[in-house]
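Student: For reference, the structure I am asking about is given below.
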Amino acid sequence: LITGGTGTFGRAFITRLLAVPGIVKIIVFSRDELKQSELQSKHKDEKRLRYFIGDIRDVDRLKRAFEGVDIVVHAAALKQVPATEYNPFEAVKTNIVGSQNVIDAALATGVSKVLLISSDKAVEPINLYGATKLSAEKLFVAANVYSGDNMASTFSVVRYGNVIGSRGSLIELVDRLRHTGRIPL
């Protein structure tokens, strides 16, 4: 299962997973029904894909989605720095509380491996986005203690850097403002 499965990372990861023999099922968990519909159209003949509308802020929905799941890749987050600065508590509720919900749902349903996709901005954060991702990392590392001696669930973190062409990237900004002749940085 991939939270944020319709985002930039999720879509690319799904394409790679579909090329791996032996993958039986991939669950796309996201709150964006339009992007899910677009993904379904792109992979219309792919029987291994399942789509689950939901928000990581809703722990009960996560528990339902995680039933019978072996691996969760947690990529859902508010990621655009200006949006998180302007809407700070929304960033906290999604990136921190939502990550704790992923942990709680995984522990409750016995998911064996859970991977948080974090950010290079979590290194000595200078903005709220980086601070929320660092907090999520700390929650994930600490969750291994809650898993108990038998380590029913293992929680890991990987930091993901900037991606050319992703939403909110510099390339998108340049393309959008090229006609003005001025690109503020």
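The values are calculated or read from the model by the stated rules, or taken from the named source; none is laboratory data. Just so you know, these numbers come straight off a predicted model, no measurement behind them. Here Cβ is always computed from backbone atoms with ideal geometry, including for glycine, and neighbour counts include all displayed protein chains. These accessible areas exclude ligands, DNA and RNA; they are computed on the full protein's heavy atoms, side chains included. Shrake-Rupley method; radii C 1.70, N 1.55, O 1.52, S 1.80 Å.
Student: Hey, can you rank 25-33, 12-20, 72-80, 52-60 by average C-beta count inside 10 Å, highest first?
Tutor: Answer by packing, highest mean first, reads 72-80, 25-33, 52-60, 12-20.
Student: Sticking with this one: Go ahead and run the numbers for FRET between residue 176 and residue 80, Cβ-Cβ distance against an R0 of 22 Å, rounding to 0.05.
Tutor: The pair residue 176/residue 80 has a calculated efficiency of 0.95.
Student: Another question, then. Could you calculate the contour length gain from residue 113 to residue 70, that is, 0.36 nm times the residue separation minus the distance between their Cα atoms, to one decimal place in nm? All intermediate terms of the calculation are to be shown ahead of the outcome.
Tutor: On the way: separation 43, 0.36 × 43 = 15.48 nm, distance 0.66 nm.
Length difference between fully extended and current span is 14.8 nm.
Student: What ranking, highest mean first, results for peptides 89-95, 173-179 when packing means the other Cβ atoms within 10 Å averaged over each residue?
Tutor: Ranking, from highest mean packing down: 89-95, 173-179.
Student: Need the full-extension length gain, residue 47 to residue 24, defined as separation in residues times 0.36 nm minus the C-alpha distance. One decimal, nm.
Tutor: That pair, residue 47 and residue 24, stretches by 7.4 nm at full extension.
Student: Going down the list 35/63; 25/47; 25/121; 93/121, which pairs span over 20 Å between their C-alpha atoms?
Tutor: 35/63; 25/121
Student: What does the net charge come to around residue 73 if you take all other residues with beta carbon closer than 13 Å to its beta carbon, with K and R at +1 and D and E at -1? Each step should come with its number before you reach the end.
Tutor: Working: positive: 11, 16, 113; negative: 70.
Net charge in that neighbourhood comes out at +2.
Student: Right, another one. Which angle from 0 to 90°, rounded to the nearest 10, does the C-alpha axis of helix 98-109 make with the longest principal axis of the chain?
Tutor: Long axis of 98-109 versus the principal axis of the chain: about 20 degrees.
Student: So what's the net charge close to residue 122: Lys and Arg +1, Asp and Glu -1, counting the other residues with Cβ under 10 Å from its Cβ?
Tutor: Value of the local net charge: +1.
Student: To the nearest 500 deg cm²/dmol, what mean residue ellipticity at 222 nm is calculated for the chain from DSSP H runs of n ≥ 4 alone, each contributing -39,500 (n - 2.57), summed and divided by the residues?
Tutor: -12500 deg cm²/dmol
Student: May I pose another question? When the accessible area of the chain is split by element with a 1.4 Å probe, what percent falls to carbon and sulfur?
Tutor: 56
Student: Now for a separate question. Average the reciprocal distances over every distinct pair of alpha-carbons in the stretch 1-97, invert the result, and give the Kirkwood radius in Å.
Tutor: 14.1
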